[in-house]
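One structure is given below, encoded as structure tokens.
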Amino acid sequence: MKHYHPAMAAARFAKFGVPHGCRSGVWEVALGLRPGPLTAEEEAEWAGRVQEACAQPLLADLWVEADLALVKDSPHFFLFEEMLRAVSLAFLHDPQVPSHCSVPQHPALGYLPPRTADPPSRDPHPAPSFSSAPSDQAAGGPSPSLSGCSAAPAGAKGQQGQQPSVAVLAATACPYPPNGSMQPGGAVLLVAPLCFMYSNPAAVYRMHRSLYCRYWVKLHSLSLEGLPSPALPLLLRTYEDLLLELEPELSKHLQHLGMPLAALALPWITRAFVGYLPVEEVLLLWDRIIGLDSLLPLALLAAAVVCFRRQVLLSCQSSREVLEVMADLQRLQTVPLLQAMLFNG
């Protein structure tokens, strides 16, 4: 024990569930964050992200507003609507996220900043380009910028003034949105359980960024990352293999109804069961994710839920009935289901 690293000891403790009163401290140590109140530098970083999000709205901000509609209708999360808006917008504008992600994100959209080093074009009818400066720049107005972006090098153009190659654009373009993440609908819900752990939105932001870069990015990526901490494709494969092995009759019945096994569990997994299970059950599930440093508990729980509803699902006569049966998971408990999957088959 004396040779245990604090992060390893915290993770080992989290495997068995963490009391709510000390959950934030255990998670912070396990994830390599400094436990306790935020420093002045961390508070200043948070304030800067919020200020940047307010000063430079993005079209991608509409994703956040669309997701907040789910929060407004939630009896558990509607009180945290403003905190979730601030944290989600600050995260969307954070250009440091891509460099800290555990797996590559999706192929990023790019924004190429105007090349101020090039002389103005003398062609009276220049070809349109997505990187052309707006008209107010031609008149000497300020050029728009994105945090962390810099102008393309003077040699970005070809030898005879042709448009830059795809490789040059990829090397010089800024990710869009700045955090490089094209998150699916409902991604804001991944922030919501943290509001029960922290009253300070800056602390919620720090924890969410750490969880996203280490775990949740794998839920929004087609990375082929394998064991021990697989990304979405292998998580779905693991879930399907478990059902085919443990419940072949049920699996065949669902496929006969036109309900792919992966389609049934995909919303649960991509949202880490937020909005489907009670908040405390979600946090107990996340304890295991952090303790095992793996997303496999999501696949195990998804398979366990389907197995638990076996008799009702076998009586369904259509895919619509299947969805109605699986719509309400609020009475289920995480730990007994995981134990049944692991120890009883």
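The numbers here are math on the coordinates, done by the rules we state, and not lab data. Worth saying up front: this structure is predicted, and the values here are computed from it rather than measured. Here the Cβ positions follow ideal geometry from the backbone for every residue, glycine too, while neighbour counts run over all protein chains shown.
Annotations
- Reachable aspartates and glutamates, given that their alpha-carbon falls under 16 Å from the alpha-carbon of LYS72 and they are not under 8 places away in the same chain: GLU81, GLU82
- Computed E for SER99/GLN56 - FRET, C-beta separation, R0 22 angstrom, nearest 0.05: 0.60
- Qualifying aspartates and glutamates (Cα of each under 17 Å from Cα of LYS218; at least 8 residues distant if same chain): ASP293
- Annotation for PHE78 and LEU222: the two label points, set 7 Å from Cα along the Cα-Cβ direction, are 3.9 nm apart.
- For the range 176-218 and the range 245-308, distance of Cα centres in Å: 21
- Nearest-0.05 FRET efficiency for ARG320 and GLU41, computed from C-beta distance (R0 51 Å): 0.45
- A straight Cα-to-Cα reach below 17 Å connects LYS252 with the aspartates and glutamates GLU240, ASP241, GLU321, residues fewer than 8 places away in its own chain not being considered.
- The charge dipole of the range 272-338, taken about its Cα centre with unit charges on the Cβ atoms of Lys, Arg (+1), Asp and Glu (-1) only, comes to about 220 debye.
- Counting only the Cα atoms, the range 223-345 fills a convex hull of 99 Å³ per residue.
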